[in-house]
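Below you'll find the structure, written out as structure tokens, and then a few comments.
Values quoted throughout were computed directly from the atomic coordinates according to the rules given, and no laboratory measurement underlies them. Source: prediction; values computed, not measured. Backbone-built Cβ (ideal geometry, glycine too); neighbour counts: all protein chains shown.
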Amino acid sequence: MDLNGPEQRVTPAADGVRRGGSGVPGGRRKQGVSMADVAKLAGVSSQTVSRVSNGHPGVITSTREQVLAAMRDLGYRPNSAARALRYGRFNTIGVILFSLSSTGNSRTVEAIATHAAAEGYAITLIPVDVATQDNVLGAFTRMGELAVDAVIVIMEIHLLDTATVQLPPGVHVVVVDSDAGDRHSVVDTDQADGARRAVRHLLELGHRTVWHVAGPGSSYAAQRRTEAWRAALEAAGCPVPAPLRGDWSAESGYAAGLALAEEPDCTAVFASNDQMALGLLRAFHERGRPVPAEISVVGFDDTPDAAFFIPPLTTVHQDFAEVGRRCVEGVLRQIRTRDDSRPGTDLVPARLVIRDSTAPPRTR
């Protein structure tokens, strides 16, 4: 994974004849090792070397190992540019995103890299520090100049809704966490269903209503969760309290928790992510409103730490690994079929993980 640009290609450095185990007398290697040099040393044809270089399955194990040993001995690296000209692809997927600090983004990128590697693809990562139109345009312009076959975009699609931002021509695109299914291929967690599950769980425990700590208004995921929270309460005929706005951080959840602790009728809270839920837990503890004895809390994400909060957090599980896998599958399908004309949204199911932070309301 390259944070600053395209995958670095190493210039081959070796002679085509092995002498004394180093390729040339004295252990020094010449520049410009060719496929023919590898074929000569391995005792195979250049076509066989090409098949090994490109991961072709039709090579017996012993021959493959023999060719790979010759490549290592000579310091040979396949010429990616020549391979791209021959096969019409670079075997590289670009990823554009705003931040690696968020749980969802970092875990999704990790999954993308893992599944891309399993398919023989590298990834080129371009982060956008500040979500402005100029920065987004710059990221796409740079990606268009790099040797990539497809781009996975992890950002709010409204920043692409301008004539000045053009997706690279001929480069296939999949968008993550967006409402752009009418224009692009989108992969996302089923945000709405996850939020509904959280609210229904709390109502089924007997809570009169559910308060909400929302994520940033600019976030599509936060919007979807808030809309589903409100719709679930309205469908159940429950009062809809005014939501409190956070910024995904535990600090913002803590500030919301201090305010909610002063609401005597607040017995259940749905936080739009686990970090804000963590802040709620601390605020309620400090204000003498124990969880879940007086207030139940549900988060969203199911971060690895959620099971170790005090108390362990009930939360909505997002399968980031599956999101990343489907993103890679989506761009590879477009690459292999040369067809990116089928927009739509592929939703990955969410599920509720019940732990110790929720309970029936205290009887008064």
(request) Give me the distance between the Cα centres of region 321-364 and region 243-272, rounded to whole Å. (result) 26
(request) Grab every C-alpha pair in region 191-318, bin the distances at 10 angstrom width from 0 up to the longest one, and report whole percents. (result) 15, 52, 32, 2
(request) Can you quote the Å³ per residue value for the convex hull of the Cα atoms in region 170-229, rounded to an integer? (result) 79
(message) Could you compute the net charge surrounding P243? Neighbours are other residues with a C-beta less than 14 Å from the C-beta of P243; K and R count +1, D and E count -1.
(response) 0
(message) If you take every residue apart from A307 with its C-beta less than 13 Å away from the C-beta of A307, what net charge results, scoring Lys and Arg +1 and Asp and Glu -1?
(response) -4
(request) For every other residue with a beta carbon closer than 10 angstrom to the beta carbon of D193, add +1 if it is Lys or Arg and -1 if Asp or Glu, then tell me the sum. (result) +3
(request) Place a label point 7 angstrom from the Cα of R245 along the Cα-to-Cβ direction, then list the residues of region 179-215 whose backbone nitrogen is under 18 Å away. (result) 212-215
(request) Just rank H317, H184, fewest to most, by other beta-carbon atoms within 10 angstrom. (result) H317, H184
(message) If R₀ is 30 angstrom, what is the calculated FRET efficiency for the pair S62 and E329, using the beta carbon separation as r and rounding to 0.05?
(response) 0.35
